[in-house]
Structures are given as structure tokens and as C-alpha cells.
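Structure, as C-alpha cells:
The values are calculated or read from the model by the stated rules, or taken from the named source; none is laboratory data. Fair warning: this is a prediction, and the values are worked out from it, not measured in the lab. Neighbour counts run over all protein chains shown; Cβ positions are idealised from the backbone, glycine included. These area figures cover heavy atoms from the full protein model, side chains too; ligands, DNA and RNA do not enter into them. Shrake-Rupley method; radii C 1.70, N 1.55, O 1.52, S 1.80 Å.
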Amino acid sequence: MAKERAQRESAPGKRRRRRRGVPTGLTIALLVIALALGGGFGYLAGRHSNNSVVAERDVQLANADQRIGELENALQSMGVDPNAAVFNGAVSPLDAQSAQALSGEDEPVNNNDALVAGSDLETPSATPEPVVVAEFDGVEIMSDEVLAVYTESVNRQLLMGQDVNAQADALLEEALDSVIEEHVKRQKAEEMGLTELTAEDEAAIDAQAQAAFEEQLVFYTISDGTQTEEEVRQAAIERMAEEGTTLESLRAQIEADWWENRLREAVSQDVVVSQEDLQQRYDTLLAEQQALYATNPEQFEYAHRYGDTVVVYNPEGYRAFKQVLIAFDGADAASAQTLLAERNSLDPEQNAERISEIDGALDLLYADLEATADEVLDRIAQGEDFDALVSEYSQDPNLNEGHVREDGYYVRADSISYDPAVVEAVMALEGVGSVTMQPVRTAAGLHILLYSAEVPAGPVPLEEVRAALEAEMLETLQYDAYQRQIDQWVEEANVVYHREALQ
């Protein structure tokens, strides 16, 4: 049994759950898909709009353009040219069934057979009634449950442009293993009394569901400037519900996973990080980041900005800045982006007249934001705390990402992760604590920038990152301990397989 599981896990196409992060290859594939389909998904998100909210569409398009720029930067930071010929045709046009599956009009894409049906994959034959494909200790694993997981996996592979025929057997075996593991874990959780919810559990689930709901609601919130805050919120709730997400559905998902969270905690509660292992991890990470950031400084900027990596090395030349962003509403964002793009493409000598026209149009757009920007600058001049003004005024969509609110953004003269106008303005500030006396114009709106700190170059002392690094390592070790226990439980279950039923 152990030998059989080990062989399956090492087979081509067998995907084990990763502890943390995303493989570069997968990241690139997802970015390519996002670049190709970004506009389509933006349309789907707003497909219920009518002619009275055309402005919403324009904002979505502007946001999509900005996101495409970020995605292209991300590809470039990984050494990939987003314009390379290798990406031509990387994502094929979707047939009607696949497009409908992606839109979610019938079923969520992972539960929809449209992608599988539209491919040339030879799927296991359906049976009139579900049949037993594996069993252990009175538990029967049925074919329909395994095939549902298999279909989800195939859909994900198809969306990434993978050759599912080459991986079909491995994907089916993985689906079978996954379903068996779920039943084994559930059985153990029941034996340990972890599936019954206490009043404390119910309250914690309610809190998590509400937090998840508010976080997702941000992506559906669109204002044309004429609605009250409550009207904007209610419209966003309705849009999200149309896409199949409600507070109740999120709560149900969290509750369904609650018993496993408790099981994982019970299994891994005695796991600790030794100081020796912590030092070794720090040394390894330091060497890796020194090499990576030397050739890809954008990776450093993204790591700090999104907080998904413990940064233990700072390249030279960086400074931190914070900002109050007075953002455009409605169609003004799209108009500003279009005008700025045209202006940047023109020759100052040959197109002076057109540039003057564009500057006039931009002046009119920014005029609506200048009163608020002047108010912020006046309060800064009176000595008010910049962080407090950020909390009160800033409409920066990344404010709560990673370490942005606490430490600001990291930038240097050659940064490509930010608008060139912002980079130039920040680098022109003469000392820590200085503020741009004139708002900086970008397609997002008006930026008031504070040179908030120097970023000391070189290794970040272990003591400064000890807590974050230890938490990251503990999560990895706990996952490893949990997975080892699951493997042992499955081994001890002496599962009897009936694989012929899946053929």
C-alpha cells in the first residue's frame, strides 16, 4: 500500500498541495490568461448594467488597462517578455459553451462540464447509477464523487491551456486519492469530536464570513458619483449575489471547512520552530534574495507591497513614500488615461497644438479633484499627521495590501512598478518628511506624496523579521506534520480499490 501511494505521488502530473506560494510557471500561465481574458472578465462583471451606467463600463475598462500594465510588469519582473511571440495564441478563443461556463450563468466553472465536453478528452464512461470505486472501514467511495473532483481538475487544466489527455490518468488517480483523504479526515474528526460546533465556533464563523464578505464586496463596488453610500453598497451586494456570492454562501463555505481547521490544529499543536532551523532559513532566504533582487528589483517592490514574502534583504537606492490619492470617479478615470496615453505618444515640437488641447482637457478633469487636494495640503501645512490624512482622504486601492499602510511603498529612480510621474516626484523630494507641494497627476487622480523613510540597503537583521519568518516557517512545518498524519491514517485504513469501475 505504501509503495503504491509513493509511486502514484511521483508519477508525472501528480500535483501535491504546495505549502506556500505559487510556482513561477503557474504564475506566468495565470498572468497570460489574465492578460488575454482580463477585458472579457471585466465585461462579465458588468454584464448586468444598463445604459444608465455606461460610466461603470468605462471605469472597468480603465481599471482593466491599469491591471494589464501591472500584469505585464509582473511578467517582466520574472524575465518574461509579455509581447513575445510565444504568447501568440496562448489562449484560444472560447467556444459558446466554454464562455457560458466562464460567465457562471449556469454553474461555477469548476462544477461545469462545458469545458470538458468541449475538449477532446476521453472522460471515464458515466454509469446509470454511482458505483463503489474504493472502500474502507464501512465507508464507500462512490464514482460520482470522484468524477466530480476529476472534472474540476480537468477544467483548471483546460483553462491553463494544458494537454489534459497526457495527464488524464494521473488526474483521475489524484481525484480518487483526494476523495479518499477527505473521507478519512472526516472520519478521524468525528472520532475526535471535532465536527460538532460550539457557540464559540458559531461566533467565529460568523465573524470570518462577515470579514470575507466585506473583502469581496470591494471588487463589486462601483460609484458614478450620484448615489449615496448605502445605495452604492446595496448595488454592490446585488451584483455580487448575481454572481452567486452572498454572506450566507460564504458562511456555508467557512462552516464546511471548520472541522478540518480544528483537525489540523489538533494534529499540529505541538509543532515548534527551533532557533537553529530559523537561522538556517534566514541564511538561505538572504542568499536567495540577494541574487534575485540584484537582477529583478521589481520582485523586491512586489514582495514589500503585497507582503507575501518575508523580505530579509534591501537593494540599494530605495526610499519609502506614502500617499494621499484623490481618485477619479466614473468615466473621468478612463478619459484621463486615454488623454495621458495620447500625450505621452506625441512629439512636443511636431504636435504642440494637440498637446495644448490635451492639457486643457486634463485641466478640466483634474479641476474636480483640486479642491480636496488643496484641503489636504492646507492641513499638512498646519502640521496635521500625514497618516491620519491618509486614513481620512486617500482612495488608494492598495492601501491595505502587505505593508503599504504601515511602511508605504518602496521606490527608486529606475522603478517600473509605479507611474513614472510618481517615481520622478518622490525621487525629487530632498529629505525624509518632505511632501510634494503640488499634487502629482496620473490616470488614477491626484497624488500627494510624502518621503516617509530611507530604506537601509543590505541584510535586514534577523531580529527585525524573526516573528514574521517564524510564523511562515511554523505554517510550513504544521502543514508537513498534518500531511504526514493524513498519509499515515490513509495507510492504516487499508483502502480496498475498485479502479475498474472508473474505466
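Over all directions, how big on average is the projection of the convex hull of the alpha-carbon atoms in the stretch 414-503, in square nanometres?
It is 13.5 nm².
How far apart, in nm, are the 7 Å Cα→Cβ label points at GLU215 and GLN503?
Using points 7 Å along Cα→Cβ, the separation is 4.6 nm.
Over the stretch 433-503, with the other protein chains present, what is the accessible area per residue in square angstrom, probe 1.4 angstrom?
Accessible area per residue, the stretch 433-503: 48 Å².
Within the stretch 158-213, report the GluC sites (Glu not before Pro) that DSSP leaves as loop and that have at most 16 other Cβ atoms within 10 Å.
Numbers: sites: GLU173, GLU174, GLU181, GLU182, GLU190, GLU191, GLU196, GLU200, GLU202; in loops: GLU196.
Here the sparse-neighbourhood loop sites are GLU196.
Per residue, what accessible area does the stretch 328-399 have, given a 1.4 Å probe and all protein chains present, in Å²? Spell out each step's value before the answer.
Values: 4140 Å² over 72 residues.
With all protein chains present, the stretch 328-399 gives 58 Å² per residue.
Determine which residues of the stretch 255-273 fall in the zone a paramagnetic label at LEU474 would reach in this model, i.e. backbone nitrogen under 16 Å from the point 7 Å along Cα→Cβ.
264-273
To the nearest 0.05, what FRET efficiency results for ASP374 and ASP169 with a Förster distance of 60 Å applied to their C-beta separation?
FRET efficiency, ASP374 to ASP169: 0.35.
Between the stretch 137-162 and the stretch 436-491, what is the C-alpha centre distance in whole Å?
Answer, in whole Å: 34.
Taking K and R as +1 and D and E as -1, what net charge do the other residues with C-beta under 11 Å from the C-beta of ASN351 add up to?
-3
Can you tell me the alpha carbon radius of gyration of the stretch 235-285 divided by the globular rule-of-thumb value 2.2 N^0.38 Å?
Compactness ratio reported: 2.01.
In a shell of Cβ-Cβ distance under 10 Å around TYR451, excluding TYR451 itself, what net charge do Lys and Arg (+1) and Asp and Glu (-1) give?
0
Ignoring ligands, DNA and RNA, please state the percent of accessible area on the stretch 220-321 from carbon and sulfur, probe 1.4 Å.
Working: 2470 of 5390 Å².
Here carbon and sulfur together make up 46 percent of the probe-accessible area.
In nm, to one decimal, how far is the GLU248 label point from the GLU424 one, both placed 7 Å along Cα→Cβ?
With each label point 7 Å from Cα toward Cβ, the separation is 5.5 nm.
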